[in-house]
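Following: one structure in structure tokens, then a few remarks.
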Amino acid sequence: MDHISTQSSLLNSIVLRTDSGFASPEIYRVCEEKMTDYLIRLKANARLKALANQEMEEIQSDDYTRTDRHYFDLDYKAASWAHSRRVSVLAERPAGELFYRYTFVVTSFSETIPSKEVINAYKRRGVMENDIKEAKNGFFMGKTDSTKFQANSARMLVSQLAYTLMHIMKNNCLPQEAKTSTMATIRHRLMKVAVKIVRHARKIYYNLSTSHVYGEDFFEVLINIQNFRIGVP
């Protein structure tokens, strides 16, 4: 589960978002009983494709030189479902191709939320997977060296704190062109740096090698961090 933010305030809540490997009636039922919204991709099947093709008959473009993309909803009931559910569809035909490719997402969101927002919210699942990978590889969030639950939990919380602090720095103190950098890149450029610290007359000096490639970036971020601490815009 994760937080999903879209233009609609209705999506600012905890939502279950998974791929088609978790598309099962039992999961839908539990989510509905617990009043938890969900976005779950469905594997394409002949019936879903037939319904989507029928919907596309009136809106498809005859211009095959450009990518054609449409969003719409289906009222769909699989044989194993107790009742029908809303399925949002992305129909996309890349330029130069003859047939549309479909993305099907079953959701509990009401129809007041457009199908395009539903599809875009699901697509952010890939971003979340990258965030999880970054947290595990860059901050060892999944490391469990101890045999005690409390120790492993405490270690994970420290990793979460470090991850959060790094993101605060990334979003508020890095130059605009560097805000999309990965944590590995930030660590390589700004943290894995040999620095000689000199304290003199209540001041601290950071002496970097004159050959340090990212020296200007280092001090720019350092000044931004200092300004951020004292609330300078």
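The values are calculated or read from the model by the stated rules, or taken from the named source; none is laboratory data. Because the structure is a prediction, the values reported are computed rather than measured. We place every Cβ from the backbone using ideal geometry, glycine too, and count neighbours over all the protein chains shown.
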Note on Tyr102: of the conditions (1) among the aromatic types (Phe, Trp, Tyr); (2) over 19 Å from the mean Cα position of the chain (by Cα); (3) not assigned by TED's automatic domain parsing to the domain that holds Asp19, unmet is (3)
Does segment 180-192 include one or more residues that are among the hydrophobic types (A, V, I, L, M, F, W, C), touching a strand residue (DSSP E or B) at 6+ places or on another chain (Cβ under 9 Å) and surrounded by 12 or more Cβ atoms within 10 Å (Cβ to Cβ)? no
Give just the number: which of (1) over 23 Å from Asn53 (Cβ atoms); (2) in contact with a Lys or Arg (Cβ under 6 Å, 6 or more places away or on another chain); (3) surrounded by 15 or more Cβ atoms within 10 Å (Cβ to Cβ) does Gly142 not satisfy? (3)
Looking at segment 37-69 only, could you name the residues that are free of Cβ contacts under 8 Å to residues at least 40 places away in the same chain and hydroxyl-bearing (Ser, Thr, Tyr)? Ser61, Tyr64, Thr65, Thr67
With the structure loaded, tell me whether Ala151 is under 25 Å from Tyr28 (Cα atoms) and either among the small types (Gly, Ala, Ser) or at pLDDT below 90 (or both) or whether it fails that test. no
Exactly one of Tyr102, Tyr122 is at pLDDT 95 or above and over 23 Å from Arg187 (Cβ atoms), and that residue is Tyr102
Taking Ile186, is it outside any helix (DSSP H, G or I), among the aliphatic types (A, V, I, L, M) and closer than 30 Å to Lys143 by Cβ? no
Verdict on Ala194 being out of contact with any Lys or Arg (no Cβ under 8 Å at 6 or more places or on another chain) and at positive phi: no
Being more than 30 Å from Lys136 (Cβ to Cβ) and polar (S, T, N, Q) narrows it down to one of Thr164, Thr210, so name that one. Thr210
List the pairs whose first member sits in segment 170-189 and is without any contact (Cβ under 8 Å) to a residue 12 or more places away in the chain, whose second member is not aromatic (Phe, Trp, Tyr), and whose Cβ atoms are under 6 Å apart, counting only residues at least 6 apart or on separate chains? none
Can you list residue pairs whose Cβ atoms sit under 7 Å apart, with the first residue in segment 204-233 being more than 15 Å from Ala178 (Cβ to Cβ) and the second being modelled with pLDDT of 85 or more and charged (D, E, K, R)? Count only pairs 6 or more apart in sequence or on different chains. Asn207/Lys196
Subset of segment 18-71 [within 16 Å of Phe109 (Cβ to Cβ), surrounded by 13 or more Cβ atoms within 10 Å (Cβ to Cβ) and of a type outside the set (A, V, I, L, M)]: Thr18, Tyr28, Cys31, Glu32, Thr36, Asp37, Tyr38, Arg41, Tyr71
Would you mind stating whether Lys179 is modelled with pLDDT of 85 or more, closer than 23 Å to Asn130 by Cβ, in the same structural domain as Ser146 (by TED's automatic domain parsing) and basic (Lys, Arg)? yes
